[in-house]
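Asker: Below: one structure in structure tokens.
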């Protein structure tokens, strides 16, 4: 498979990050969202819902759509990524902790940087003062798995 679609680095200005696909547009751009996302090259693909209709998952409010379901939607509309599996690219999730009242961005270590954090905070209308970003082994791409000595295929 072509490796040129792997995330290299986000643009210096996070506003330059292209967002070519989102299935559930917020009612208003300033409404807080929870959801899931993929980074493919310099494209951020995400799917989200308003916080007030999110599903309860323990002490969190989340968007119940999983990455495999979202990936199926993406590959039908984005021919460049057909042929890749849903775990190939860096990905993550935005959730809201109802106990600490903090938004939590769980993401692949490949995309843990300030520019990416600013982009997600903006797109999901999060309050930066109440947002934390954590690496999560559940959202590791194929390159990170390989660095750890694992093989996905």
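Asker: Where the second residue is at pLDDT 80 or above and in a loop (DSSP other than H, G, I, E, B) and the first is surrounded by fewer than 18 Cβ atoms within 10 Å (Cβ to Cβ) and lies in the stretch 29-44, which pairs have Cβ atoms under 9 Å and are six or more apart or on separate chains?
Answerer: Correct list of pairs: 29/125; 30/125; 31/125; 41/89.
Asker: Another question, then. Quickly run through the stretch 54-74 and pick out the residues that are more than 16 Å from the chain's Cα centre (by Cα) and more than 19 Å from residue 121 (Cα to Cα).
Answerer: Hits for the stretch 54-74 are 55, 56, 57, 58, 59.
Asker: Being in a strand (DSSP E or B), closer than 24 Å to residue 31 by Cα and either in contact (Cβ under 8 Å) with a residue 40 or more places away in the chain or more than 16 Å from the chain's Cα centre (by Cα) (or both) narrows it down to one of 119, 95, so name that one. Quick ask: steps written out before the conclusion?
Answerer: Details: 119 fails: in a strand (DSSP E or B).
Unique residue meeting the criteria: 95.
Asker: Kindly evaluate residue 106 against the criterion of being assigned to a loop (DSSP other than H, G, I, E, B), touching a strand residue (DSSP E or B) at 6+ places or on another chain (Cβ under 8 Å) and in contact (Cβ under 8 Å) with a residue 12 or more places away in the chain. Walk me through how you get there before you give the answer.
Answerer: Details: assigned to a loop (DSSP other than H, G, I, E, B): no; touching a strand residue (DSSP E or B) at 6+ places or on another chain (Cβ under 8 Å): yes; in contact (Cβ under 8 Å) with a residue 12 or more places away in the chain: yes.
Spelling it out, it is not the case that residue 106 is assigned to a loop (DSSP other than H, G, I, E, B), touching a strand residue (DSSP E or B) at 6+ places or on another chain (Cβ under 8 Å) and in contact (Cβ under 8 Å) with a residue 12 or more places away in the chain.
Asker: Continuing with the same structure: Of everything in the stretch 9-45, what is modelled with pLDDT of 90 or more and within 13 Å of the chain's Cα centre (by Cα)? Give them in sequence order. Steps first, please.
Answerer: Here is the first cut: in the stretch 9-45, the ones modelled with pLDDT of 90 or more are 32-38.
Within the stretch 9-45, 33, 34, 35, 36, 37, 38 meet the criteria.
Asker: Scan the stretch 73-92 for residues that are in a helix (DSSP H, G or I), exposed (fewer than 14 other Cβ atoms within 10 Å of the Cβ) and without any contact (Cβ under 8 Å) to a residue 12 or more places away in the chain and report the count.
Answerer: Counting residues in the stretch 73-92 that are in a helix (DSSP H, G or I), exposed (fewer than 14 other Cβ atoms within 10 Å of the Cβ) and without any contact (Cβ under 8 Å) to a residue 12 or more places away in the chain gives 2.
Asker: Right, here's the next one. Looking at the structure I just gave you, is residue 128 at pLDDT 90 or above and surrounded by fewer than 16 Cβ atoms within 10 Å (Cβ to Cβ)? Spell out how you get there, then give the answer.
Answerer: Numbers: at pLDDT 90 or above: yes; surrounded by fewer than 16 Cβ atoms within 10 Å (Cβ to Cβ): yes.
Spelling it out, residue 128 is indeed at pLDDT 90 or above and surrounded by fewer than 16 Cβ atoms within 10 Å (Cβ to Cβ).
The values are calculated or read from the model by the stated rules, or taken from the named source; none is laboratory data. Everything numeric here is computed off the predicted structure, so don't read it as measured data. Using ideal geometry, Cβ is built from the backbone for each residue, glycine included, and neighbour counts are taken over all protein chains shown.
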